[in-house]
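Colleague: Please see the structure below; I have some questions.
A short reminder: the numbers here are calculations on the coordinates, not readings from a lab. Keep in mind the model is a prediction, meaning the values are calculated, not measured. Reconstructed Cβ throughout: ideal geometry from the backbone, glycine too, with neighbour counts over all protein chains shown.
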Amino acid sequence: MVTINENYLKLKAGYLFPEIARRVRVFTESNPDAPIIKLGIGDVTEPLPEACRTAMIKAVEDMGDRATFKGYGPEQGYAWLREKIASQDFQARGCEIDASEIFVSDGGKCDTGNILDIFGKGNTIAVTDPVYPVYVDTNVMAGHTGPVNDKGEYEGLFYLPITAENNFTAKIPDRPVDLIYLCFPNNPTGATASKADLKAWVDYARANGSVILFDAAYEAFITDPELPHSIYEIEGARECAIEFRSFSKNAGFTGTRCAYTVVPKSLKVTASDGAEVTLHQLWNRRQSTKFNGVSYLVQRGAEAVYSPEGQSQVQGLIKFYLENAQIIRQKLSDAGLTVYGGVHAPYIWVKTPQGLSSWDFFDKLLNLCYVVGTPGSGFGAAGEGYFRISAFNSRENVEEAMSRITDNFKV
Ligand SMILES: *Cc1c(COP(=O)(O)O)cnc(C)c1O
């Protein structure tokens, strides 16, 4: 008889986005003409940079000519892309990362999930709360947790609450943990980590033999030159951290698909027989067995991000979304709300007023302003009492949504 991976049955039924859709549907049934504005989903809205489009069109032509046609490429990505990544994203910032340590992929989401393939059972896993749900659900699927409780917490995971009280950076655990997921600038809170914050994590990881899984998908939104873009800006991180990056949020590649993961060769773990093994060797083996590389066309598009035109066009996109974020911050503050994030991230994390629950605030915003956001409690128990507003939208929609809030919403 066929058996299944019953860990999947432990997953809390996809609740957050279906529930949002359900409440919006119920509302539109009785208010069919209400012009709803969605500031909920974490997807970009602006078109691809011209440099990327031009490079991809040229790449299509390459494919049409026997002399430049490409079949399977290297599973790890083409050298010309890996070299540009290593030199411009890392070496230019003083990080000692070599092109051979870059693994190009089709998404940060799959990499942060697939990485569990190279770790064993029995690790203690720490995640922040609230959190990007992929880290949690992939651990559930891999059988690293017990069942979920009513608050949405899985037995066996070590939750690190990130709230206004700790400046949304999480307290260093008071016990040893093996794998630590960190995401800065953070989705959903929009918080950043300073070099001192990351140094505390790197020192902890090295003292405890832990591995940090550092998600820097939003690094391009950092505007303060003092804030670290990469965990490898911290001394010792090459010995304890894997970093995930993506072209989704900087160059608008959410529908084009390209990302990469950095696994330093100096990141070593000890196998049960005492042998020293590099995680680089395991991830290389995993990728070359289960993955056949990102499309040539898309890698050419990603390469164009590193050209002078590409860089300035990406800066233009980031600037546009950060101006949206600034408008949202300003207008919500004017309406008497307390806001966090949105300065080095496209997300604004709002404290719900008058002790409203995240879902009550959702209903109020929908009913009074026809604006849809994301209840903080959907990202974890400690997100209760908060609400995420995304700056990924047109200027017109952002301005209209915000004036509805300042006009109709009284704290
Ligand atoms: C958007 C996002 C990513 C990138 O995902 P892709 O699969 O590369 O599109 C990674 N991590 C977080 C937290 C994100 O919000």
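Colleague: If you take all C-alpha pairs in the chain, what percent of them are over 40 Å apart?
Modeller: Here the tail beyond 40 Å accounts for 17 percent of pairs.
Colleague: Please report, largest first and rounded to whole Å, the three semi-axes of the ellipsoid equivalent to region 71-307, where each semi-axis is the square root of five times an eigenvalue of the C-alpha gyration tensor.
Modeller: Rounded to whole Å, the semi-axes are 26, 21, 18.
Colleague: Modelling each spin label as a point 7 Å along the Cα-to-Cβ direction, I'd like the M1/V411 distance in nm, to one decimal.
Modeller: For the pair M1/V411, the computed spacing is 5.8 nm.
Colleague: So, one more: Longest exposed-loop-site-free stretch of the chain, with chymotrypsin sites (Phe, Trp or Tyr not before Pro), DSSP loop and at most 14 other Cβ within 10 Å?
Modeller: 73-411
Colleague: Okay, moving on. Find out how many positive minus negative residues lie around S194, taking Lys and Arg as positive, Asp and Glu as negative, among other residues whose Cβ is under 13 Å from that of S194.
Modeller: -2
Colleague: So what does log10 I(q)/I(0) come out to for region 9-64 at q = 0.28 Å⁻¹, using the Debye formula with one equal point on every Cα and no solvent?
Modeller: Values, matching the q order: -1.14.
Colleague: At 25 °C and a viscosity of 0.890 mPa s, what translational diffusion coefficient does Stokes-Einstein give for region 83-213, taking Rh as the Kirkwood radius over Cα pairs? Give it in µm²/s as a whole number.
Modeller: Calculated translational D: 152 µm²/s.
Colleague: What distance in nm separates the simple spin-label points at R285 and R93, each placed 7 Å from Cα in the Cβ direction?
Modeller: 3.1 nm
Colleague: Follow-up. Using only alpha carbon pairs under 8 Å that are at least six residues apart, calculate the relative contact order of region 145-210 and give it in whole percent.
Modeller: 24 percent
Colleague: Convex hull over the Cα atoms of region 304-375, averaged projected area in nm²?
Modeller: Its average projected convex-hull area is 5.6 nm².
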